[in-house]
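Trainee: I'd like to ask you about the structure that follows.
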Amino acid sequence: MLQTFKDDNDTTNPKAKNTVNVTFKNMKVNGDIYNSRWSAGQNLNVVFENADVAGVISAGTQSHVNVKPGEVITKENCKEISNIKVVPSEAVSNGVIVSLDSDSTWTVTGTSYLTSLTIAEGAKITGKNLKMYVNGVETEIAPGTYTGNIKLAVE
């Protein structure tokens, strides 16, 4: 369930405190982008300007690959701190805000969970049997701004 903790920590607000902002402009991007931070107000705001992206963009849950539950990372196994796996999951306090301008295309390659999506007139979002759900309701992918619990599913 989508949650907000304070007005300035809204998971749909690209100007919330501690938001990471990234803009991809005049390029092609192939790969996945995740926000697996868990403190309030730690949104990821991804903007595409004349860019083509292929991959998953999503809130996520991370876990260490080689560290057992309850095991402590110490000086001896400190290299494991960055050896993580991220699984797409609904946002809790880790909002994912995506904006595509009129010259951008996103090819969704796997389930993606967002908290805000802005699609400019002319922008394209594609994927194999792609469906979008906003707060659990199947919604046409069309220009506009959508907020809440957004799921883009490749079915």
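Trainee: Does SER93 satisfy the condition of being touching a residue at least 12 places away in the same chain (Cβ under 8 Å) and among the hydroxyl-bearing types (Ser, Thr, Tyr)?
Mentor: Working: touching a residue at least 12 places away in the same chain (Cβ under 8 Å): yes; among the hydroxyl-bearing types (Ser, Thr, Tyr): yes.
Here the answer is yes, as SER93 does meet what is asked.
Trainee: Shifting gears a bit: For the stretch 89-146, give me each residue that is over 14 Å from PHE48 (Cβ atoms) and among the acidic types (Asp, Glu).
Mentor: Scanning the stretch 89-146 gives GLU90, GLU121, GLU138, GLU140.
Trainee: Now, a different point. Among the numbered criteria (1) surrounded by 12 or more Cβ atoms within 10 Å (Cβ to Cβ); (2) farther than 23 Å from ASP10 by Cα, which one does GLU138 miss?
Mentor: In the conditions (1) surrounded by 12 or more Cβ atoms within 10 Å (Cβ to Cβ); (2) farther than 23 Å from ASP10 by Cα, GLU138 misses (1) alone.
Trainee: Another question, then. Need the failing condition index for SER112 against (1) out of contact with any Lys or Arg (no Cβ under 9 Å at 6 or more places or on another chain); (2) at pLDDT 95 or above; (3) under 21 Å from GLY31 (Cβ atoms), just the number.
Mentor: Failing condition for SER112: (1).
Trainee: For the stretch 19-96, list the strands (runs of 3 or more DSSP E) that sit wholly inside it and hold at least 2 residues that are aromatic (Phe, Trp, Tyr) and out of contact with any strand residue (DSSP E or B) (no Cβ under 9 Å at 6 or more places or on another chain); which are they? Please lay out each step first, then the result.
Mentor: On the way: elements: 20-30, 33-35, 44-55, 57-64, 84-88.
It comes to none.
Trainee: Kindly evaluate ILE81 against the criterion of being open to solvent by 70 Å² or more (accessible area, probe 1.4 Å), without any contact (Cβ under 8 Å) to a residue 40 or more places away in the chain and within 19 Å of SER36 (Cβ to Cβ).
Mentor: On the way: open to solvent by 70 Å² or more (accessible area, probe 1.4 Å): yes; without any contact (Cβ under 8 Å) to a residue 40 or more places away in the chain: yes; within 19 Å of SER36 (Cβ to Cβ): yes.
Taking the combined requirement at face value, the residue satisfies it.
Trainee: Among (1) of a type in the set (Gly, Ala, Ser); (2) under 15 Å from PRO88 (Cα atoms); (3) at pLDDT below 95, where does ALA40 come up short?
Mentor: For ALA40, the failing item is (2).
Trainee: Then there is this: For the stretch 84-112, how many residues meet the condition of being farther than 20 Å from THR145 by Cα and either among the acidic types (Asp, Glu) or open to solvent by 50 Å² or more (accessible area, probe 1.4 Å) (or both)?
Mentor: The qualifying residues number 4.
Trainee: Among the residues of the stretch 111-123, is any touching a Leu at 6+ places or on another chain (Cβ under 9 Å) and charged (D, E, K, R)?
Mentor: Taking every residue of the stretch 111-123 in turn, none turns out to be touching a Leu at 6+ places or on another chain (Cβ under 9 Å) and charged (D, E, K, R).
The values are calculated or read from the model by the stated rules, or taken from the named source; none is laboratory data. Because the structure is a prediction, the values reported are computed rather than measured. All Cβ positions, glycine included, derive from the backbone under ideal geometry; neighbour counts span all protein chains shown. Surface accessibility is based on the protein's heavy atoms, side chains included, excluding ligands, DNA and RNA. Shrake-Rupley method; radii C 1.70, N 1.55, O 1.52, S 1.80 Å.
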